[in-house]
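Trainee: Let me give you the structure first, and then I'll get to my questions.
Nothing in this text is a laboratory measurement; each read-out follows from the coordinates by a stated rule. Keep in mind the model is a prediction, meaning the values are calculated, not measured. Neighbour counts are summed over all protein chains in view; Cβ atoms, including those assigned to glycine, are modelled from backbone coordinates with ideal geometry.
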């Protein structure tokens, strides 16, 4: 039996631990944002405050880590801008808009078909053709989404919510692909801080010129059975679901590679479902739970199929196989 070298084993273990922390932190964002939006906040305002607060925390750390060596930042401006626009601003804005039109768990399950998108992207860019298991996983995922949306019972489906959730899926796939690029000299904190600044600044600019609606309120934020001051969910959004989540997620993806990290991150779905149940009293129906299991099972099968057609990257070397940032 082949065993992992100590360094590889430690890298895998630390990567998995960081991925779990990231998934749990990200999972809290939907319920907190839903509470703010129910209190009168717009989705764009909630995202902007979230990412800019996280940037305020991370930028000083990033500057200290660079120690005056700005060359890696200049060389990777495209990566940082792409990460900020797609993985930060685009993904979170789409997700927050999705949870404004549908349940948190449903929106997140749609978003987390992202691993299938990662596989397709790597197929198109790297020629890594998916096998039969991958196709089977995609079918299972599609069947699961039908159950999650509860369309068979004749329930109303928010088309707008589904479209926003699909947009969040594209952003999540971009997050895994872009953050897997282990660029020499560019620490994860620097990429996260730069992306958060770009994403937050873009949203503020879009709000200032009237492209996106911006609304905030100091009214208390009500959750299931209790209310809290507005600043508490805002602080949690910035410090926990953004600063901690992005840094730990990027560090995990660089250790595990985009494929494996995107599948471990499915733990965010479980965390979001639990948080939505506690904070918003959003308990999924039995048929939706079955659909969720099919979605997650389909994604796991896709992962198994990819493991047969291309070795899952667990060390820095495979980073070269990650595609360049889109545009």
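Trainee: At a Förster distance of 25 Å, what's the computed FRET efficiency of residue 278 paired with residue 143, Cβ-Cβ distance as r, to 0.05?
Mentor: 0.30
Trainee: Work out how much length residue 227 to residue 125 would gain on full extension: take 0.36 nm times their residue separation and subtract the Cα-Cα distance, in nm to one decimal.
Mentor: Full-extension gain reported as 31.9 nm.
Trainee: Continuing with the same structure: Where the centre of each part is set by its Cα atoms, how far does region 69-93 sit from region 196-255, in angstrom?
Mentor: 18 Å
Trainee: Another question about this same structure. Sorted from fewest to most neighbouring beta carbons within 10 Å, what does the list 223, 176 look like?
Mentor: Listing 223, 176 from fewest to most nearby Cβ atoms yields 223, 176.
Trainee: Sticking with this structure for a sec: Quickly rank 269-277, 110-118, 43-51, 69-77 as a protection proxy: mean count of other C-beta atoms within 10 Å, highest first.
Mentor: For the peptides 269-277, 110-118, 43-51, 69-77, the packing ranking is 43-51, 110-118, 269-277, 69-77.
Trainee: Report the extension gain between residue 293 and residue 235 in nm, rounded to one decimal, defined as 0.36 nm multiplied by the number of residues separating them, less their alpha carbon distance.
Mentor: 17.6 nm
Trainee: Another one. Estimate the FRET efficiency between residue 67 and residue 205 by the formula 1/(1 + (r/R0)^6), using the beta-carbon distance for r and 22 Å for R0, to the nearest 0.05.
Mentor: Once the sixth-power term is evaluated, E becomes 0.15.
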